[in-house]
1. Which of the following residues is crowded, with 17+ Cβ neighbours inside 10 Å and either among the polar types (S, T, N, Q) or at pLDDT 95 or above (or both): SER80, SER25, SER59?
2. Does ARG133 qualify as being open to solvent by 10 Å² or more (accessible area, probe 1.4 Å) and of a type in the set (Lys, Arg)?
3. Consider only pairs whose beta carbons are under 8 Å apart and that are at least six residues apart or on different chains; among these, list those whose first residue lies in region 160-181 and is within 21 Å of LEU195 (Cβ to Cβ) and whose second residue is of a type in the set (Val, Ile, Thr) and open to solvent by less than 80 Å² (accessible area, probe 1.4 Å).
4. Looking at VAL72, VAL102, can you tell me which residue is in contact with a helix residue (DSSP H, G or I) (Cβ under 7 Å, 6 or more places away or on another chain) and either outside any helix (DSSP H, G or I) or under 28 Å from VAL176 (Cβ atoms) (or both)?
5. Considering only region 83-96, state which residues are free of Cβ contacts under 8 Å to residues at least 60 places away in the same chain and within 24 Å of SER193 (Cβ to Cβ).
6. Here is a list: THR5, THR42, THR18. Which entry is among the hydroxyl-bearing types (Ser, Thr, Tyr), open to solvent by 70 Å² or more (accessible area, probe 1.4 Å) and on the phi < 0 side of the Ramachandran plot?
7. If you go through region 94-114 one residue at a time, how many are within 23 Å of GLU163 (Cα to Cα) and among the basic types (Lys, Arg)?
8. Tell me, which helices (runs of 4 or more DSSP H) lie completely within region 139-230 with 1 or more residues that are closer than 15 Å to ALA20 by Cα and open to solvent by 50 Å² or more (accessible area, probe 1.4 Å)?
Amino acid sequence: MGKITIAIDGYSSTGKSTLAKRLASALNYVYVDTGAMYRAVTLFALNNKYVGTNEDIPSLVKQLPNINLKFVPNKTLGLSEMYLNDENVERQIRTMEVSDHVSKVATIEEVRHMLVAMQQQMGEEKGIVMDGRDIGTVVFPNAELKIFMTASPETRATRRYKELLERGEEVTFDEVLKNVQKRDRIDSTREMSPLKKAEDAIEFDNSDMGLEEQFERIYNYSLRVINKNN
């Protein structure tokens, strides 16, 4: 059976990555977490003090050729983890500090050009599920299946808050909610590749939907699209 490209976009903490991972596994497709790529660049920028208290975007841009990103399979966990310059940074890129700065880094034109080129190269063979903010609009505008995920800010903040507590981070719900709202604003209003629903994307509001129902609905729809394209 021929393979297609599946692009999943949407707001932060809508469960895009969780759904995309499971969908890719069920279809035996390759999964690419583009958010992890932007988070890794953000971690690099924070570690080198290019963003944060002091901002030095020109120096970050000059250092982009020295950033090596790759996904390395973790056989124990059954998924791939992000490596930044040969170091596993999967845990570091999920912190609130990175979350507070990733939308800012993602607005940098040179960063987007570099990562979009990487992402398009990854998807040349199809059979891929990729999630992010501009996959259906910029990275793969011709994807056979586009999904746009959304949920209320309060619902998304609750999900994110629970995740952070489980990782041992000391945060308040209000901090997380403000971060979600801030990221929504930056992602939706940035000049380059703003977050928006592609005209031919299916909007999927999961505010009141469990993980199992989400997966079943999108998996079954994916199968129909795959069959239609063969």
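The values are calculated or read from the model by the stated rules, or taken from the named source; none is laboratory data. Note that the structure is a prediction, hence the values are computed from the model and not measured. As a convention, Cβ positions derive from the backbone with ideal geometry for all residues, glycine included, and neighbour counts pool all protein chains shown. Quick note on the areas: whole protein, heavy atoms, side chains included, nothing else; ligands and nucleic acids left out. Shrake-Rupley method; radii C 1.70, N 1.55, O 1.52, S 1.80 Å.
1. Working: SER25 fails: crowded, with 17+ Cβ neighbours inside 10 Å; SER59 fails: crowded, with 17+ Cβ neighbours inside 10 Å.
On inspection, the qualifying residue turns out to be SER80.
2. So ARG133 passes the test.
3. ARG160/VAL176; ARG160/VAL180
4. Numbers: VAL72 fails: in contact with a helix residue (DSSP H, G or I) (Cβ under 7 Å, 6 or more places away or on another chain).
Being in contact with a helix residue (DSSP H, G or I) (Cβ under 7 Å, 6 or more places away or on another chain) and either outside any helix (DSSP H, G or I) or under 28 Å from VAL176 (Cβ atoms) (or both) holds for just one of VAL72, VAL102, which is VAL102.
5. LEU84, VAL89, ILE93, listed by residue number.
6. Exactly one residue qualifies, and that residue is THR18.
7. Residues meeting the conditions: 2.
8. Ranges flagged: 211-228.
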